[in-house]
Amino acid sequence: MLSGFQDNPKMDPLDGIAAFARVVDGGSFSAAAYRLGISKSAVSAHVQRLEERLGIRLLNRSTRRLSLTEAGAAYYRHCARILAEAESAEQVASALQREPRGTLRISAPNSFGWMHVGPAVPAFLKRYPELSVDITLSPAHVNLVDEGLDLAIRIGVLEDSPLVVRRLAPSRLVVCATPAYLKEHGKPREPGDLTKHNCLCTGLLPWGDEWRLAGKRGEVRVAVGGSFRSNSAEMLRTAALDGIGIAVLPTWAVAEPLRSGALRRVLEAWEPPASTIYAVYPGNRLMSMKVRAFVDHLARCIGRTPYWDKGL
């Protein structure tokens, strides 16, 4: 399917999928033809027959450029996953004894990266001694292809893109403060009480300074404010531990202070909506053994129930 193309494009659905994906990857039928080793007309015929079989238009064609239709964009994401799995199957069949090697370049959020991705690396390198790991920590969602990255760890809502996604864990949020702060200022009993407190604000939350809390009575929204703001979970954690005010933080950042009692949950009957931690990689690159090995390793390290959530 990946290397057995013929110039006579008999209708093999997998060949049509591969031809369509390579047109999207390369931005043209010519680029796809070069990569697949067939003629441009054969690529066009594969895509045309795929569209006819599906009964939808996948590409908008003009003399100057190609663009994906809405249906084409959705279909491409699935095609990328199919090709990645096909490549993985070929690797397993033809290279069972090969070990991942080379350099694995990873992007991860600042705080989560050093707290949970970095600690997983030593055991990974011990298991795969022919690999090296290069981790870039950044709060921004960098372009993996432009930056030459193999893999990114991301938290929150993902934008619609051709990236292939694997869910790693939920990212639960809690409202918390130090015992000293609560003793001095009182403990909020209802979400509305937060308006009377110094709340540590952050750009990390998609809802900004309007905190959202879900309880038995549904979701409530509270406009909060305070004397400290940061887009770093690490800095917010430090500020909360210093007793400055009340913070909304992910459990992966504050599990240990919560267990030790250095921080205490408030509004226990109310919890902010959880987000999700993902591993993502470019859909126009067939997932290599080193990427699969690290994603599998990180997933095992985190566990089915994230290790940081156990006992909370």
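Classification of the range 32-77 by its C-alpha gyration tensor yields a prolate form. The axis ratio a/c (a ≥ b ≥ c) is 1.5 or more, and a/b outweighs b/c.
For the chain, the longest principal axis of the alpha carbon atoms and the long axis of helix 40-54 meet at an angle near 60°. In order along the range 303-312, the Karplus-derived 3J(HN,Hα) couplings, from 6.51 cos²θ - 1.76 cosθ + 1.60 at θ = phi - 60°, round to x, 4, 9, x, 4, 6, 8, 5, x, 8 Hz, and Gly and Pro are given as x.
In the elastic network of the chain, a GNM with C-alpha springs shorter than 10 Å, the most mobile of Gly192, Gly148, Gly218 is Gly218.
When only alpha carbons of the range 173-273 are considered, Rg and Dmax amount to 12.1, 33 Å. Treating each Cα of the chain as one equal point scatterer and applying the Debye formula with no solvent, the log10 of I(q)/I(0) at q = 0.13, 0.14, 0.15, 0.16 Å⁻¹ comes out as -0.97, -1.05, -1.13, -1.21. Taking all Cα pairs closer than 8 Å and separated by 6 or more residues, the relative contact order of the chain comes to 20 percent. Principal-axis analysis of the Cα atoms of the chain puts helix 70-94 at an angle of about 80° to the longest axis. Along the range 268-274 the Karplus relation, 6.51 cos²θ - 1.76 cosθ + 1.60 evaluated at θ = phi - 60°, assigns HN-Hα couplings of 4, 7, 10, 9, x, x, 6 Hz to successive residues, with x for each Gly and Pro. When Val145, Val224 are arranged by Cβ crowding within 10 Å, least crowded first, meaning fewest neighbours, the order is Val145, Val224.
Specify whether the C-alpha gyration tensor of the range 13-94 places it in the rounded, prolate or oblate class, a ≥ b ≥ c being the square roots of the eigenvalues: rounded for a/c under 1.5, otherwise prolate if a/b is larger than b/c and oblate if not.
prolate
Considering only Asp242, Asp193, Asp146, the mean-square fluctuation computed in a Gaussian network model of the chain, springs between alpha carbons under 10 angstrom, is largest for Asp146.
Which FRET efficiency, nearest 0.05, do Ala89 and Ala214 yield, Cβ-Cβ r, R0 30 Å? After rounding to 0.05, the efficiency reads 0.10. Mean-square fluctuations from a GNM of the chain, with a 10 angstrom spring cutoff on Cα atoms, peak among Pro170, Pro206, Pro272 at Pro206.
Under the classification rounded if a/c is under 1.5, otherwise prolate if a/b is larger than b/c and oblate if not, where does the range 207-248 fall, given a ≥ b ≥ c as square roots of the Cα gyration tensor eigenvalues? Cα axes put the range 207-248 in the prolate bin. Computed over the chain, the per-residue total of -39500 (n - 2.57) for DSSP H runs of n ≥ 4 gives a 222 nm mean residue ellipticity of -11000 deg cm²/dmol, rounded to 500. Around the amide H of His141, modelled in the peptide plane, lies no amide H under 5 Å away from a residue 5 or more places distant or on another chain.
Relative to the Cα centre, the charge distribution of the range 10-161, modelled as +1 at Lys and Arg Cβ and -1 at Asp and Glu Cβ, gives a dipole magnitude of about 340 debye.
Relative to the dominant Cα principal axis of the chain, helix 13-26 is inclined by about 70°.
None of the figures in this text is laboratory data; all of them are computed from the coordinates on show. Keep in mind that this is a model prediction, so the values were computed, not measured. Ideal geometry is used to build each Cβ from the backbone, glycine not excepted, and the neighbour counts take in all protein chains shown.
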